Amino acid sequence: MQISGLVMGVISVIFGVIVMVFPKILNYIIGIYIIIVGVMAIIQAL
């Protein structure tokens, strides 16, 4: 559990820095996230 928490923390920091350096990329990250969540919801509903 601690390792996965550490990995998620590192990933969050990396993405935070990327978003601060390239603000436009935030739109793409959010769009991809919403698409993935939507596809997963559709697959679970089938």
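Derivation of every value follows stated rules applied to the coordinates shown; laboratory data play no part. Being a predicted model, the structure only gives us computed values, none of them experimental. Please note: Cβ atoms are built from the backbone with ideal geometry, for glycine as well, and neighbour counts cover all protein chains shown.
Tabulated data
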{"item": "Potential lengthening between Val21 and Val37 on full extension [0.36 nm per residue; Cα-Cα distance subtracted]", "result": "3.2 nm"}
{"item": "Cα radius of gyration and Dmax for the chain (Å)", "result": "13.8, 40"}
{"item": "Rough spin-label spacing in nm, given labels placed 7 Å along Cα→Cβ, for Tyr28 and Ile11", "result": "1.8"}
